[in-house]
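The values are calculated or read from the model by the stated rules, or taken from the named source; none is laboratory data. Here the structure is a predicted model, which is why all the values come from computation and not from measurement. So basically every Cβ, Gly included, is an ideal-geometry build from the backbone, and we count neighbours across all protein chains shown.
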Amino acid sequence: MPSLSPYFARNSLKRLSLSDAVRQHAERLLDLAGDDHRIQVARIHETMFPLSTPASANAALNRLLRTINDAAETQGLALRAEITADKKAGPAKRFVWFDGPLPTPAPAYTGELNAIPAGQLVTDQRGLPQESLPVVVLITFNPHETAAVIAGFHPQGTPPTETRNGMTYNRLGIHGGMQIIQRVSRQGEGEAQNAARDAIADWAPKAIIGVGIAFGVNHAKQAIGDVLVSEAIRGYELGRMNADGTFDLRADKPPASQVLLNRFNHLHQTRQADSNACLNWPVVRFGTLLSGNKLVDNLDYRTSLLKLEKEAIGGEMEAVGIQLAAGRFNLDWIIVKAICDWGDGNKGTKNKERDQEFAAQMAALVVRTALALGSLYESQQPPTPGIRPSSESARLAEGLPPEARLMGLRDHDAISTKLLIPDAQGLLSTMDKDAEALHRSGHQQGVDVMDYLMQWVDAPDAAPLFTLLGEYGMGKTVTCQRLATILDERRRADPTLPLPLYFDLRLVTGLDQRVPKLRDIVEECMARGWDDQGPGEGYLLADVHRWIAQGALAIFDGLDEVLNRLTEADGQVFTQELLRLLAFARNRRRADGLPGRFKALISTRTQYFRTLRDQQNHFTGQERGEYRADAYRALVLLPLSEEQVERYLAAALPGIEPETLLDTVRSVHNLTELTQRPYTLRLVSEFIPEIEQDRLAGKTIYGVTLYRRMVQRWLERDSGKHHIRPEHKLILARHLAAFLWQSGDGRLPAERIERWFHAWLESEPDLHRRYSRLHPDQLEEDLRNATFLARQDDPSGSSFRFAHTSLLEFFLADYLLQALRDQAPERWAIKRPSQETLDFLGQCLAEAADPILIRTLQGWRTTYRPQTSELLLAYALCAQDRGWPVPVLRGIALNGARLEALSIRSPLGSPLLDLSEANFSGASLRRAVFERVQLSGASFRDAQLAQANFLDCDAIRADWSGAESTATIWRNTRLQATLWHDARGYRSQFLACDEPPIASPHTAPTGFVLPQGAQSSDRLVPVEPLDERRACSTLRMLTGHNGSVLGCAVSPDGRQFVSVGGDRTVRVWDAASGEALLSLSGHQGGVRGCAISPDGRRLVSAGGDGTVRVWDAASGEGLLSLSGHRGGVRGCAVSPDGQRLVSAGGDGTVRVWDAASGETLLSLSGHQGRLLGCAVSPDGQRLVSAGGDGTVRVWDAASGAPLRIHAVSGRGYEGHAVWEPCENRLIEACGDAWRWLAWVHPGPDGWPERLPLETFGPMPEPHRLCRL
């Protein structure tokens, strides 16, 4: 094996389980490596063991190398620490080095090949000359970069050159079916832009890649040689110097091309799946690159740049130039550069040349390997001036448009076939204002979107217009482009079918000057969006009319992108212009007697329109337009199902176990819901590898960091579409979250939100000056389309809310954090947020690691501020429970606060929560619980303490004067030196307390009743304490699973334990000794649950691979493998007679099996989502299942009939409901159950169907309900 460079050796050592001492010694060893990657033993003795004899130093060195090799062998890493074998050579001639395997090429990405059905693969295709292959241009900017690219792409020596228009290029050969051309440029963004423009003019490339070296920004987490891949770039030259000396960037953050990003991400994940990749593959990091003309070599300046772009992973000097040139010609581009220094004033070190050379080699390696995976573009016959390729010539001769693939279907084409979601679901809608119930009936089943669209296209008598509706990120554009692709493929086989014509309305410009005519709209979309520009000066509206006459479907994608830049009235005019195309087609068809049919589809975001009625009025022209409601069909895209999300993640991240993926998603608050949007699902899939890497490294994973990155990406995706700038949208979102939370139910009609918005804008002078010139319609449209909002339609009307509850909670936490930074306690005067919001706030403070913020919070405690002080206490209690930064609460002022049902508890074994000297005077503490709390010197004067509990507290010197304490309990609480003047109580109890109040009629608290038999001079008789908690101790810890333990069971005789784990094994243990008796393997995924038959002879396990397995408990032999669930199995049980098995699946079904034959006896459906577990009643007559939908369901074990449903509340609400489906009877509903109860009459599966009831609002009086 070849010797490893110190870079790869360090990367490999990070993967090994070594003690801190061994790791430090290994790092010191690598610091001594020379240019040949070897370390002289004499230098090791001198540096690392200066006080040891040579023999002792050799022994210590050998122990170190042996420890490293043992760890590598144990973990299956092909790393070896070697030393010169000849011991007689002496330390000056002996060397230590690290060996590793030669790098292997990444497997070719063959998604398109895999998608070709058997029998349809063309095996005798003819080739084209090299000139017909797509061209990719690599641009380098210094000698090290140029040399590294040549060595990587043309290792046989100096490459051939070619001069075009006075510019010389290196031809680096064909790699992955593409011609690779190298252009050497001078440094700087202007030079890079000129070089890229020259290459575009000379070679007409498909993509341009900047390859080379960059500076890093985090010496602690990054390393020289790490490769940085640009997800986006941030230019820092253009900006505004403000009057206060601050600097604001004016440049946006253009994202790199998705086609290239997908390729590099595929390569990255493939390499990560190889445990030995660290031996020969650099660390690859994705993120935003800073770019500007300045050569950054000053720590203060670099720090100032990072304040402007917190997500930056590094910086360089040429990316902006490449992006400007490539963007001008709509070409793919990306920047791939490796870290060679830190831009901190130390560029001129002795290792400068070596580091630059190594970094350039790493960047070239990654680019070469990525391109070698296969061609990213289709080859085309080189064009001859004035002559089109024969296929296109034929299409033009026939009067046909270009193929759909040339109509700019970039969003669809950027998605790998395996990542497309073929079975997206939609909800039928209507433009009929008198049929709004269809829109709002939650029990309506979804339809397959593509099937429904194709049925509409094929039906000759169907409505001519279709509106495809959906919230942000629901996949409208990909659906439109996929429809065009499918129609084009079908028409090749049957020319009588409609032609697809795709128009991307996002490309329409000049909307600030006028409403464009139909001709301008169509011709600009074709000129800017279609790759084939047509003959002469491009395609014209006349060409479109000619195509329509043959039968066509026009797809107008992204109407909201245009409407958002127009006033409401102008937007109506624009839509009517689009509909004129339909009128022209109909009139021409009538005049010419042509049989062709024409239809049009329009896609738009729902939240552009204030209400459902506004939406319907817009498309029907308030029922005065030519096209009324019956001319439309409409479909609203639905969120993805859990099965679709699982399928996508498994395809996107093949190197990670599906159960691990889902566990990672569930570990971040509400991330499961966010993955139900295709766009956010893609973002999550990009973030998961980094999350898993941090998790494995033992780093703290902050969910709020993930949310912040996701929000930033959403804003970047919408950059340029709206009038409000992204950074101002963030400010707006914070304040809007606070306003919606204060409004009581998290949603409001558009009119109320818009009134608040204008008032808020006037309260922000800087923002008001900036946006006051805009028409109110445009600002309000921006507000509704500001990414984070969604419209909700129900019988009470239309309202707006944050698209996900967790987004409201995130922005509300950000609002509170900003109030801390601004030292504005009045902004904390809001009703108590949810626990999730407080958890987000704690994560924000932990992530910021700024002690000033906590000190500010502590400073607010000394003065009571209504709501602010209560919120401060609520956050502190949440932070203590979750492990976030906790402010000091000693002496907190809560006088007069309303704290009913407050619960303050210190965890067992931890110090008492310190509320000493706290002021609760006049506070309402009814039903409050103080458990293990330090209350010494606290004041409860005149407080309302009815039914409060003080348990195991220290309340010496506390003042209870004037307190009202009906049915209050003090237990095991220290009450020395307390004051009770004029305190009142009835049936109050002092249980095992130190020095309770004197029970004399003259000194006892008013109204306190003396225990029976007590004398007036006695103290209150202390009641014996309740059973003391007995200390628990661990009897035995059983280890053996390699990963999480997910379930366990005990044999009927109590002699054995069974455990199952994420390592795919079932293990049997001796209960007395803890000895591992059996380790059973067979599942192809994590094992989630287990059970033991009543006779103890069989074990049952539930696997994430979708199987239930039965094992012999004595021998471990596999007896049965039961398949049927569509997804992982999450729980299992055995009937009391041992004759039946029950399993609970992630597919939402309960299955009953014959324990002997494995035959499926019953498959029970009803849960809305995955199941979490199951059980069998002791008499075997009933089955019970627990679901992620918040319900526990009871079934008849013999027939499978639903008997009863117990619905339990979630999201911090309290309550329950009980229903008997067989009689359609709601037995009981109490607490907050009404908020989420939505079942009215039985559906086809016997369980009640959902109907959309209120989800927020005041709670009616609890009551029992009879038959409905």
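Restricted to region 864-873, and to residues that are surrounded by 18 or more Cβ atoms within 10 Å (Cβ to Cβ) and within 33 Å of the chain's Cα centre (by Cα), which residue is nearest to Gln934 (Cα to Cα)? Ranking the qualifying residues of region 864-873, first place goes to Leu873.
Is it the case that some residue within region 1142-1149 is aliphatic (A, V, I, L, M), assigned by TED's automatic domain parsing to the domain that holds Ala1049, out of contact with any Cys (no Cβ under 6 Å at 6 or more places or on another chain) and modelled with pLDDT of 90 or more? Steps first, answer last, please.
Step one: filter region 1142-1149 for residues aliphatic (A, V, I, L, M), giving 1142, 1144.
Imposing the further condition that a residue be assigned by TED's automatic domain parsing to the domain that holds Ala1049 reduces the set to 1142, 1144.
So of that shortlist, the ones also out of contact with any Cys (no Cβ under 6 Å at 6 or more places or on another chain) come out as none.
Checked region 1142-1149: no residue is aliphatic (A, V, I, L, M), assigned by TED's automatic domain parsing to the domain that holds Ala1049, out of contact with any Cys (no Cβ under 6 Å at 6 or more places or on another chain) and modelled with pLDDT of 90 or more.
Of all the listed residues (Gly1180, Gly1212), the sole one being modelled with pLDDT of 85 or more, touching a Ser or Thr at 6+ places or on another chain (Cβ under 6 Å) and surrounded by fewer than 18 Cβ atoms within 10 Å (Cβ to Cβ) is Gly1180. Here Glu524, Glu489 are screened, and the one residue that is touching a Leu at 6+ places or on another chain (Cβ under 9 Å) and assigned by TED's automatic domain parsing to the domain that holds Glu561 is Glu524.
Taking the residues in region 759-802 that are touching a strand residue (DSSP E or B) at 6+ places or on another chain (Cβ under 8 Å) and charged (D, E, K, R) as candidates, determine which candidate is farthest from Gly744 (Cα to Cα).
Step one: filter region 759-802 for residues touching a strand residue (DSSP E or B) at 6+ places or on another chain (Cβ under 8 Å), giving 783-785, 788-792, 798-802.
Then drop every residue that is not charged (D, E, K, R), which leaves 784, 791, 801.
Details: Arg784: 20, Arg791: 17, Arg801: 12 Å.
Step by step, filter region 759-802, then rank; the result is Arg784.
Return the pairs, sorted by first residue and then second, in which the second residue is part of a loop (DSSP other than H, G, I, E, B), the first residue lies in region 307-328 and is among the acidic types (Asp, Glu), the beta carbons are less than 7 Å apart, and the residues are 6+ apart or on different chains. Qualifying pairs under 7 Å: Glu318/Phe141; Glu318/Gln187; Glu318/Gly188.
Taking the criterion of being modelled with pLDDT of 90 or more and of a type in the set (Ser, Thr, Tyr), the only residue of region 486-505 that qualifies is Tyr502.
If the condition is being in contact with an Asp or Glu (Cβ under 6 Å, 6 or more places away or on another chain) and either closer than 16 Å to Arg890 by Cβ or not assigned by TED's automatic domain parsing to the domain that holds Trp960 (or both), then region 933-948 contributes Gln934, Ser936, Gly937, Ser939.
Yes/no per residue for (1) at pLDDT 85 or above; (2) out of contact with any Cys (no Cβ under 6 Å at 6 or more places or on another chain); (3) aromatic (Phe, Trp, Tyr); (4) assigned to a helix (DSSP H, G or I):
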residue: Gln572; (1), (2), (3), (4): yes, yes, no, yes
residue: Thr575; (1), (2), (3), (4): yes, yes, no, yes
residue: Leu581; (1), (2), (3), (4): yes, yes, no, yes
residue: Phe584; (1), (2), (3), (4): no, yes, yes, yes
residue: Leu601; (1), (2), (3), (4): yes, yes, no, no
residue: Arg613; (1), (2), (3), (4): no, yes, no, yes
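With respect to the conditions (1) modelled with pLDDT under 60; (2) touching an Asp or Glu at 6+ places or on another chain (Cβ under 7 Å), Ala437 lacks only one, and its number is (2).
Counting the residues of region 813-858 that are in a helix (DSSP H, G or I) and under 13 Å from Ala874 (Cβ atoms) gives 11.
Of all residues being touching a Gly at 6+ places or on another chain (Cβ under 9 Å) and surrounded by 18 or more Cβ atoms within 10 Å (Cβ to Cβ) in region 29-42, which is farthest from Leu61 (Cα to Cα)? Just the residue, please. Per the criteria, the residue is Gln40. Restricting attention to region 1144-1167, the residues that are under 18 Å from Leu662 (Cβ atoms) and either in a strand (DSSP E or B) or in contact (Cβ under 8 Å) with a residue 40 or more places away in the chain (or both) total 4.
Taking Arg709, is it modelled with pLDDT of 75 or more, more than 15 Å from the chain's Cα centre (by Cα) and among the basic types (Lys, Arg)? Here the answer is no, as Arg709 does not meet what is asked. Exactly one residue among Arg927, Arg861, Arg882 is within 27 Å of Gln823 (Cα to Cα), among the charged types (D, E, K, R) and surrounded by fewer than 20 Cβ atoms within 10 Å (Cβ to Cβ), and that residue is Arg882.
Scan region 5-28 and give yes if some residue there is in contact with a strand residue (DSSP E or B) (Cβ under 6 Å, 6 or more places away or on another chain) and either surrounded by 13 or more Cβ atoms within 10 Å (Cβ to Cβ) or under 26 Å from Ala89 (Cβ atoms) (or both), otherwise no.
Quick first cut of region 5-28, residues in contact with a strand residue (DSSP E or B) (Cβ under 6 Å, 6 or more places away or on another chain) only: 9.
The next check asks that each one be either surrounded by 13 or more Cβ atoms within 10 Å (Cβ to Cβ) or under 26 Å from Ala89 (Cβ atoms) (or both); those that pass are 9.
Within region 5-28, one or more residues are in contact with a strand residue (DSSP E or B) (Cβ under 6 Å, 6 or more places away or on another chain) and either surrounded by 13 or more Cβ atoms within 10 Å (Cβ to Cβ) or under 26 Å from Ala89 (Cβ atoms) (or both).
Do we find a residue being out of contact with any Lys or Arg (no Cβ under 9 Å at 6 or more places or on another chain) and either in a strand (DSSP E or B) or surrounded by fewer than 21 Cβ atoms within 10 Å (Cβ to Cβ) (or both) anywhere in region 943-956? If you could, list the steps in order and put the result at the bottom.
Initially, region 943-956 is screened for residues out of contact with any Lys or Arg (no Cβ under 9 Å at 6 or more places or on another chain), giving 943.
From what's left, either in a strand (DSSP E or B) or surrounded by fewer than 21 Cβ atoms within 10 Å (Cβ to Cβ) (or both): none.
There is no residue in region 943-956 that is out of contact with any Lys or Arg (no Cβ under 9 Å at 6 or more places or on another chain) and either in a strand (DSSP E or B) or surrounded by fewer than 21 Cβ atoms within 10 Å (Cβ to Cβ) (or both).
Each residue in region 1038-1056 was checked for being of a type outside the set (A, V, I, L, M, F, W, C) and under 35 Å from the mean Cα position of the chain (by Cα), and 7 pass. Within region 400-411, being within 14 Å of Ile486 (Cβ to Cβ) and touching a Ser or Thr at 6+ places or on another chain (Cβ under 6 Å) holds for one residue alone: Ala404.
Highlighted here are the strands (runs of 3 or more DSSP E) found entirely within region 256-356 that include at least 1 residues which are of a type in the set (Lys, Arg) and surrounded by fewer than 22 Cβ atoms within 10 Å (Cβ to Cβ): 284-291. Being modelled with pLDDT of 85 or more and either basic (Lys, Arg) or in contact with a Lys or Arg (Cβ under 7 Å, 6 or more places away or on another chain) (or both) holds for only one residue in Leu483, Leu428, Leu518, and it is Leu518. Over 24 Å from Pro402 (Cα atoms) and surrounded by fewer than 17 Cβ atoms within 10 Å (Cβ to Cβ) - does that describe any residue in region 463-480? Yes: region 463-480 contains one or more residues that are over 24 Å from Pro402 (Cα atoms) and surrounded by fewer than 17 Cβ atoms within 10 Å (Cβ to Cβ). Across region 1069-1089, the qualifying residues are those that are in contact (Cβ under 8 Å) with a residue 40 or more places away in the chain and crowded, with 23+ Cβ neighbours inside 10 Å, and the one among them that is farthest from Thr660 (Cα to Cα) is Gly1089.
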